Amino acid sequence: MKLDNKCTSLFQKILQVDQILSEFRLKKQELQEVMRRMQNEMERGLRLETHEDASVKMLPTYVRSTPEGSEVGDFLALDLGGTNFRVMLVKVGEDEERGWKVETKHQMYSIPEDAMTGTAEMLFDYIAECISDFLDKHKMKHKKLPLGFTFSFPVRHEDIDKGILLNWTKGFKASGAEGNNVVGLLRDAIKRRGDFEMDVVAMVNDTVATMISCYYEDRSCEVGMIVGTGCNACYMEEMRTVELVEGEEGRMCVNTEWGAFGDTGELEDFRLEYDRVVDETSINPGQQLYEKIISGKYMGELVRLVLLKLVNENLLFGGEASDILKMRGSFETKFVSQIESDTGDRKQIYNILTTIGLMPTELECDIVRLACESVSTRAAHMCGAGLAGVINHMRERRKQEMLKITVGVDGSVYKLHPSFQHKFQKAVRDLTPHCDITFIQSEEGSGRGAALISAVACKMACMLNQ
Ligand code: GLC
């Protein structure tokens, strides 16, 4: 009798856990609805008359489809947008078989919190200091190199080397940058130092850099996507529908900035209590709501909030959370990947949970894993619905029976999580009949892409000057 009671209560407990986690499961119809709304916002972002109010900004990048060929030589590439800042030296050379080859040397610099959230001058002075250090190390201070800047935030471009920062995302907040020309801020900081010179020739988003670097591997690559600290995608759009830029011929790469999807209410019926808390306690409440469901900056925190909910319902850890688990940000996104990579003996899960002050039973390890899977699977599916929206939009625009396309992808969540990739790709394919999609991962795409586009920009500048 006693045992029976125990079994019943265990069974009830599991049912209750399942009920809480079931909110994260999205049906195919729901994903189709997300996709439809994404396509709708994309249309609104592209049109002049609705652009202002659209959440998905569809920003023209001035990266065009017409191949001009490229210069060869040394280029410097900067990559700012995640938790680190990278400086790279890229040698673009000719290769008999593939027409080009690149070699890189790079160095990573961590960005101090006060540079991220202080003033724009502080941030760009720090960047200039890192470049100076890199040039010293490679004994290149005397050279005035062409520079490509991967700047992974929403920028309204006027040309490939000119654009204003619309708003910061992903925890950056340096004051005095929003509304200003980013390349100007960089040039001013280099001038202030006065110990080296650079010729800034191109600024691109990381999605664009990723697409460009993959394009050199596969000429069908016309989409770039990042699922890392942030989440975003770009693609090649017909010039005649990029209403913000004059001209009809060819294609231009559009940075969708889809992370802001949902900011005008399009995701309200999908957002859960955990999403609301993550948003309200973030540095940019009300902004980047789609990104907050998917990307690495928020995934661990979402799991932490789910675990606290299970604790509060007395379904986990005897109803008692540890002091660490109660702290915002204490459950890192990498834990989600590590927990889901556990081979089944629960060792990895146990180790992680003990480092945050918990003593889990085997069943509790399994419940934590289920919570991680719920959050990351929803992220993969939501992200898949977004990309399916982009790809269906492209097929409709191009009026093709069958669209054959390659997508270049980068980002820590995509690359390091054990099943995100697979679930994401399946969702995209389920939602895009009549499309033949290849996914490729970019290696060092952010830096290489910036250098490659700079090489193209240099060639164009040379042609114009002739
Ligand atoms: C954020 C930025 C976007 C970037 C993405 C991935 O969404 O706004 O520009 O591409 O993160 O880094």
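Data overview
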{"quantity": "Relative contact order of the chain, pairs being alpha-carbon contacts under 8 Å that are 6 or more residues apart, as %", "calculated": "21"}
{"quantity": "Neighbour net charge for residue 410 - beta-carbon separation under 12 angstrom, K R +1, D E -1", "calculated": "-2"}
{"quantity": "Tensor-based shape of the range 159-224 (alpha-carbon gyration tensor, a/c under 1.5 rounded, otherwise prolate or oblate)", "calculated": "oblate"}
{"quantity": "Within the range 34-59, backbone nitrogen closer than 16 Å to the virtual label 7 Å beyond the Cα of residue 166 toward Cβ", "calculated": "38-59"}
{"quantity": "Potential lengthening between residue 322 and residue 173 on full extension [0.36 nm per residue; Cα-Cα distance subtracted]", "calculated": "50.5 nm"}
{"quantity": "Local electrostatic count, residue 438, Cβ distance below 14 Å [Lys/Arg +1, Asp/Glu -1]", "calculated": "-1"}
{"quantity": "Rounded accessible area of residue 195 (nearest 10 Å², 1.4 Å probe)", "calculated": "60"}
{"quantity": "Additional length obtainable on full extension of the chain from residue 273 to residue 249, 0.36 nm per residue less Cα span", "calculated": "4.0 nm"}
{"quantity": "Size of electric dipole in the chain: Cβ of Lys, Arg +1 and of Asp, Glu -1, about Cα centre, debye, nearest 20", "calculated": "640"}
{"quantity": "Sites matching GluC sites (Glu not before Pro) across the range 257-361 that sit in DSSP coil, with at most 11 neighbouring C-beta atoms within 10 Å", "calculated": "268, 320"}
{"quantity": "Global geometry of the range 164-265, whether rounded, prolate or oblate, following the gyration tensor of its Cα atoms and the 1.5 cut on a/c", "calculated": "prolate"}
{"quantity": "Virtual spin-label span in nm between residue 280 and residue 188, 7 Å along Cα→Cβ", "calculated": "3.8"}
{"quantity": "Hits among aspartates and glutamates - C-alpha to C-alpha of residue 6 under 20 Å, sequence gap 8 or more where chains match", "calculated": "18, 313, 362, 364, 366"}
{"quantity": "Relative contact order of the range 330-442, pairs being alpha-carbon contacts under 8 Å that are 6 or more residues apart, as %", "calculated": "29"}
{"quantity": "Within the chain, helix-based [θ] at 222 nm, where runs of 4 or more DSSP H residues each add -39,500 (n - 2.57), nearest 500", "calculated": "-14500 deg cm²/dmol"}
{"quantity": "Ratio of the Cα radius of gyration of the range 319-442 to 2.2 N^0.38 Å, where N counts its residues", "calculated": "1.34"}
{"quantity": "Under 13 Å, Cβ to Cβ, from residue 174 - net charge with Lys/Arg +1 and Asp/Glu -1", "calculated": "-3"}
{"quantity": "Accessible area of residue 243 in the full protein assembly, 1.4 Å probe (Å², nearest 10)", "calculated": "80"}
{"quantity": "Lysine pair count for the range 123-276 [Cα-Cα under 24 Å; pairs on different chains or 8 or more apart]", "calculated": "11"}
{"quantity": "Trypsin sites (Lys or Arg not before Pro) restricted to the range 358-466 and DSSP loop, no more than 10 other C-beta within 10 Å", "calculated": "399"}
{"quantity": "Projected-area mean, the chain, by convex hull of Cα positions, square nanometres", "calculated": "24.4"}
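The values are calculated or read from the model by the stated rules, or taken from the named source; none is laboratory data. The shown structure was predicted, so the numbers you read here are calculated from the model rather than taken from an experiment. Here Cβ is always computed from backbone atoms with ideal geometry, including for glycine, and neighbour counts include all displayed protein chains. The area values use the complete protein model at the heavy-atom level, side chains included, leaving out ligands, DNA and RNA. Shrake-Rupley method; radii C 1.70, N 1.55, O 1.52, S 1.80 Å.
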